[in-house]
Amino acid sequence: MISATLLSQLPQDVQRLVRGVSNRSVADFEQLCDRLIYCSASELCMLQPVLYMHLDPDRIPEKSTPAATTDIELAQWSLTGIINTFNNCPGTGPNQYLISAWDRVALWLVFFHNQFIMRRASYKPINRRLAVDLVGCMLQCSTAASDGDLATTPALYHLLVELWLIALKIKDEDALIISQHPYHQSPFDPSFASLDMVVPVVLRGCMSDKAFMTTMLEVSGDIDTVVSTALEYVMHIGSMAQDPKKVASLPSPPLDILAHMFWNCVDIIIQISNHSAAVREEFILRQSVRRIFLVCRLIQLQIFSIESTDRTFGKPTLVWSFEYLVALLVHADDTIPVLHQALHSNAFEIVAMSLEGPPVEADFNDHNESFLVTLEYYLVYDKILTYACKHVDAWSNALEPILIQNEAIRKCWSRVKVKTRLFSSLKSREEMIRRPSPDEKGWILRNSVTVVISQKIFSLNNARNVRLCGTVQSDASVMPGTIITDGAVNS
């Protein structure tokens, strides 16, 4: 509770409302929240204890009932007041109060989520949309206050997974009147705490905990639900990228926010895939690489279509798309379809466009160079070579005019171009002298040829080798007598 000394320093009308709140008056608490926007920063700091006084965990009811209405509404206005002051009060005061009281806040968030967002209550003194916005805003505040550490508490694991599963479905339901939103008359737009933006950010902070991954699979029910939901987020961002009105509705700068949303969603897919080989392979079967690179391309085109836009905004989309590709090329059961999906989804065109304009940080060029080196090594596979042959001229026209100042990437591209045409010529000669047997899908002999690729080409820290063997069951067809060993093609 606020001390008498501090209370006496507040305006008279605020003192009256504080006394009413102390006496559990919901009406006075609502008026106090409306009055907060006119308070000074020092007054907001003095009022912090008042905003938390009715978040007592012992007052959380087992379920929502008419008898618990006052406790529920007092908690509702407590959360609203915290949110309204959080971004209007400079300094660390509100942050420290939220951090110190987070255990109490989290338990009330779980209650609001279970009873009103998941609709497990038969009695609903507040509507679902308001509960969604309260929880979303509080998660956003917790992320800002502690760099995401608060919201990763195990008490919220079940809540976070359920929100992740339903956030896209409830996004446009039960539209909330703008004046009711906790961020009304705040410097932040209400969309700033939209669940489709906030939940993936928080989720990323939990992914390293095996207990959270177990909770995710248990709550989701099966692998298919996890994979479908993760890809829905990626495609949702792609849909936004194609709609100028949706992009404009994002907080400023909108394209930066869009790229950051994409980065979060792809990183979640990477971490889920690292946790479970079964999930990783299901992602591949569901065309995850194709979807990710298509959306990456859409965001990149949006960024390059606006002359005044800082084009480095789109770099995270490029980096994380290739990080996912790298992870699959290292760990996937069959890597040929993985690279083929990427090529079919404009991965090469993304590299070419990313090289346009002023020089960028070395890390971005490292990813571009790594992709070209990877493509060079995989040209011995029929599926990759066939695609490369069809596009090598177009790639050359797109890439060569912008490689004047980048010698390393220019040399990589030169090797890719030469080997594509050389291997294509060898393939044509082979087809002329040998007709493939009826049970063979391609032109190249399916020998157990070992392909050794140094992980250094993937810009990874570990320099150990990965061995990939062509087999009858896969598309890993290899040119007869061709062995790749750490940077040289030997025939």
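Computed values, structure above
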| quantity | calculated |
| --- | --- |
| Nitroxide proxy distance, nm - points 7 Å out along Cα→Cβ at ALA4 and ALA408 | 7.1 |
| Packing-based order for 57-65, 239-247, using average beta carbon neighbours within 10 Å, highest first | 239-247, 57-65 |
| Solvent-accessible heavy-atom area per residue, rounded to whole Å², over the stretch 201-311 at 1.4 Å | 41 |
| Whole-number percent relative contact order across the stretch 85-161, with pairs defined as alpha carbons under 8 Å at least 6 apart | 32 |
| ³J(HN,Hα) computed for each position of the stretch 19-28 - Karplus, 6.51 cos²θ - 1.76 cosθ + 1.60, integer Hz, glycine/proline x | 4, x, 4, 4, 8, 6, 8, 5, 4, 5 |
| Rounded percent of accessible protein surface that carbon and sulfur make up, the stretch 29-137, 1.4 Å probe | 47 |
| Calculated FRET value between SER396 and ARG429, using beta carbons and R₀ = 25 Å, to 0.05 | 0.65 |
| Rounded Å value of the spacing that divides the Cα centres of the stretch 239-271 and the stretch 103-120 | 27 |
| Out-of-range pairs (alpha-carbon distance over 24 Å; input LYS210/LYS246; LYS246/LYS390; LYS63/LYS210; LYS124/LYS210; LYS383/LYS419; LYS124/LYS246) | LYS210/LYS246; LYS246/LYS390; LYS63/LYS210; LYS124/LYS210; LYS124/LYS246 |
| For the stretch 105-151: Kirkwood Rh in Å [reciprocal of mean 1/r, alpha carbons] | 11.0 |
| At most 15 other Cβ within 10 Å, DSSP loop - chymotrypsin sites (Phe, Trp or Tyr not before Pro), the stretch 103-160 | TYR123 |
| Equivalent ellipsoid, the stretch 11-95 (semi-axes from 5 times Cα gyration tensor eigenvalues, Å) | 23, 14, 10 |
| Value of Rg to Rh for the stretch 1-151 (Rh from inverse mean 1/r over Cα pairs, i.e. Kirkwood) | 0.95 |
| The stretch 3-133 - accessible surface per residue (Å², probe 1.4 Å) | 43 |
| Carbon and sulfur %, accessible surface of the stretch 211-354 computed with the full protein complex present, 1.4 Å | 53 |
| Positive minus negative residues near LYS419 (Lys, Arg vs Asp, Glu; Cβ under 13 Å) | +4 |
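The values are calculated or read from the model by the stated rules, or taken from the named source; none is laboratory data. Remember, it's a predicted structure, so these values are computed and weren't measured experimentally. Reconstructed Cβ throughout: ideal geometry from the backbone, glycine too, with neighbour counts over all protein chains shown. Quick note on the areas: whole protein, heavy atoms, side chains included, nothing else; ligands and nucleic acids left out. Shrake-Rupley method; radii C 1.70, N 1.55, O 1.52, S 1.80 Å.
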